[in-house]
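So the structure is just underneath, and the comments pick up after that.
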Amino acid sequence: MEFYHNAKKLRKDMKEFLRRDFGIHSRKNASKIDPTLPDDWYDEDIIESAKNIRILLRNLIWNITAANTIHAKSERELSDRRSFQNAAIINCEQLIQELNDCEDTLPLSAEKYMPYIEAINSEIGLLKSWRKSDNRIAKMLEAVTLSGVMELIDFENARTAIDLGCGNGKQTAILKSNGLSVIGIDISEQMLEIARKEHPGITFIRSDAADFSVEKKVDVVFSKGVFHWVKEELQESMLSCISAALKKGGQFVFETAGAGCNTLIHNKLSEVFSKYGYVYKIPFYFPTVSDYTSLVEKHGMKVVKAEVRDELAKLQGRDGLVKWIMSVDRQAFAQIDDAALRKQIVMEVVDGLKGKLCKSGKWYADYVYIRMKAVKI
């Protein structure tokens, strides 16, 4: 609570400073300090500056108190708490600006106001440390918070689950924290090593999504962001394995990229590939929701919820689209041996999409997601 006590002391000291007319004490004193001052400077500048500073001090205490009264138990509450913390930091920065403006308009020497600027900077440091300490809360909430497609799971009627394509185990851990006995399955041994290290209390198995089996049937098969990586000709094998792993009445809940996903990027890649004499083929499976509904129901499951969601997803870094293409779409570039040409194609694609996918210096990718829930019959 040092941030709160420091802010209260800062408010008390600065209010006393204002009562003393910023250390000038009187209009007569000010005239002695600077004979060139106009007769009306006192009323206009002293009153206005004092009013602004009092308001900022009041808002500072108010924002700190508001943040401190929120004991975050959800990501939304944590976001609200951080909004008040950020507002308090802004109040401090505005106080410094106001004092700097006073230096320009009032007959003040630096030693009069510098102690207060130092105290305000100290408060900013305390507030930022407080905000940083909340990262621990954020990680705890992240570990248990249901979001997106996972909200489709009926946890009250489920005890066991498979996280298919579990990757680093982050989603698997959320399933466990919400009461499920869960097994993570992934084809990548590298990702499974991370998962086992980060989540030692969970069983992780290396297996292909299109060729896996479990000893005991489960209540839930969950998957997020995996199925579009599975080749179209292997989709039925995968769905057959999923159906076989589910109990009767078990839930199949997933999210995958769908028809129209990354259309702007793939169309531009196709255009530039063609320019240099190459054929670009989308290396993913992007079904329509109706096609995939039929495919799921062909394997003994009844679709009870299906939706399509469009999203502009923010990419990391100023060269986010370059990294996206070179990592996500690298399979399409395997036919091009010339490294310089590969780089040229990527840069032409990026330049051609700046007007559509780059906003305020930040890159985005145009995603289309299918979310679906089916029940084993």
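Inside the range 195-232, can you point out the residues that are acidic (Asp, Glu) and either in a loop (DSSP other than H, G, I, E, B) or touching a Phe, Trp or Tyr at 6+ places or on another chain (Cβ under 9 Å) (or both)?
Those that are acidic (Asp, Glu) and either in a loop (DSSP other than H, G, I, E, B) or touching a Phe, Trp or Tyr at 6+ places or on another chain (Cβ under 9 Å) (or both): GLU215, GLU232.
Yes/no per residue for (1) surrounded by 18 or more Cβ atoms within 10 Å (Cβ to Cβ); (2) part of a helix (DSSP H, G or I); (3) at pLDDT 80 or above:
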| site | (1), (2), (3) |
| --- | --- |
| ASN6 | yes, yes, yes |
| LYS12 | no, yes, yes |
| LEU37 | no, no, no |
| ALA50 | yes, yes, no |
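Looking only at residues that are among the hydroxyl-bearing types (Ser, Thr, Tyr) and in contact with an Asp or Glu (Cβ under 9 Å, 6 or more places away or on another chain) in the range 219-257, which one is surrounded by the fewest Cβ atoms within 10 Å (Cβ to Cβ)? Explain how you work it out, then say what you get.
Here is the first cut: in the range 219-257, the residues among the hydroxyl-bearing types (Ser, Thr, Tyr) are 223, 237, 240, 243, 256.
Now narrow it down to the ones that are in contact with an Asp or Glu (Cβ under 9 Å, 6 or more places away or on another chain): 223, 237.
Details: SER223: 23, SER237: 17.
Among residues in the range 219-257 that are among the hydroxyl-bearing types (Ser, Thr, Tyr) and in contact with an Asp or Glu (Cβ under 9 Å, 6 or more places away or on another chain), the one surrounded by the fewest Cβ atoms within 10 Å (Cβ to Cβ) is SER237.
Answer yes or no as to whether GLU271 is at negative phi and at pLDDT 95 or above.
Against the criterion (at negative phi and at pLDDT 95 or above), GLU271 qualifies.
Looking only at the range 352-364, which residues are among the hydrophobic types (A, V, I, L, M, F, W, C) and either assigned by TED's automatic domain parsing to the domain that holds MET150 or assigned to a helix (DSSP H, G or I) (or both)?
Listed by number, the residues that qualify are LEU353, LEU357.
Under 7 Å between Cβ atoms, at least 6 apart or on separate chains: pull out the pairs that start in the range 115-133 with a residue that is free of Cβ contacts under 8 Å to residues at least 24 places away in the same chain and end on any residue that is surrounded by 15 or more Cβ atoms within 10 Å (Cβ to Cβ).
Within 7 Å, the pairs are ILE117/ILE96; ILE117/LEU99.
Could we say that ASP310 is part of a loop (DSSP other than H, G, I, E, B) and at pLDDT 90 or above here? Give the derivation first.
On the way: part of a loop (DSSP other than H, G, I, E, B): no; at pLDDT 90 or above: yes.
Taking the combined requirement at face value, the residue does not satisfy it.
Looking at this structure, is ARG159 more than 17 Å from LEU246 (Cα to Cα) and surrounded by fewer than 19 Cβ atoms within 10 Å (Cβ to Cβ)?
no
Could you pull out the residue among LEU353, LEU341 that is at pLDDT 90 or above, in contact with a helix residue (DSSP H, G or I) (Cβ under 7 Å, 6 or more places away or on another chain) and over 30 Å from ILE242 (Cα atoms)? Full working, then the answer.
Numbers: LEU341 fails: in contact with a helix residue (DSSP H, G or I) (Cβ under 7 Å, 6 or more places away or on another chain).
None of the others qualify; the one that does is LEU353.
Within the range 335-351, is even one residue out of contact with any His (no Cβ under 7 Å at 6 or more places or on another chain), surrounded by 13 or more Cβ atoms within 10 Å (Cβ to Cβ), outside the structural domain of VAL226 (by TED's automatic domain parsing) and in a loop (DSSP other than H, G, I, E, B)?
Checked against the condition, which is being out of contact with any His (no Cβ under 7 Å at 6 or more places or on another chain), surrounded by 13 or more Cβ atoms within 10 Å (Cβ to Cβ), outside the structural domain of VAL226 (by TED's automatic domain parsing) and in a loop (DSSP other than H, G, I, E, B), the range 335-351 yields at least one hit.
Within the range 282-294, is even one residue more than 30 Å from VAL220 (Cα to Cα), surrounded by fewer than 19 Cβ atoms within 10 Å (Cβ to Cβ) and not hydrophobic (A, V, I, L, M, F, W, C)?
So far as the range 282-294 goes, no, none of its residues is more than 30 Å from VAL220 (Cα to Cα), surrounded by fewer than 19 Cβ atoms within 10 Å (Cβ to Cβ) and not hydrophobic (A, V, I, L, M, F, W, C).
Could you please give the count of residues in the range 179-194 that are surrounded by fewer than 18 Cβ atoms within 10 Å (Cβ to Cβ) and assigned to a helix (DSSP H, G or I)?
Going through the range 179-194 one residue at a time, the tally reaches 4.
When you scan the range 66-85, do you find a residue that is modelled with pLDDT of 85 or more, under 36 Å from the mean Cα position of the chain (by Cα), in the same structural domain as ASN135 (by TED's automatic domain parsing) and part of a loop (DSSP other than H, G, I, E, B), even just one?
Yes, the range 66-85 contains a residue that is modelled with pLDDT of 85 or more, under 36 Å from the mean Cα position of the chain (by Cα), in the same structural domain as ASN135 (by TED's automatic domain parsing) and part of a loop (DSSP other than H, G, I, E, B).
Just a yes or no: is a residue in the range 322-332 out of contact with any Ser or Thr (no Cβ under 7 Å at 6 or more places or on another chain) and of a type in the set (Gly, Ala, Ser)? Steps first, please.
Taking the range 322-332 first, the residues out of contact with any Ser or Thr (no Cβ under 7 Å at 6 or more places or on another chain) are 322-332.
Still in the running and of a type in the set (Gly, Ala, Ser): 327, 332.
Checked the range 322-332: at least one residue is out of contact with any Ser or Thr (no Cβ under 7 Å at 6 or more places or on another chain) and of a type in the set (Gly, Ala, Ser).
The values are calculated or read from the model by the stated rules, or taken from the named source; none is laboratory data. Just so it is clear, the model here is predicted, and its values are computed rather than measured. Neighbour counts run over all protein chains shown; Cβ positions are idealised from the backbone, glycine included.
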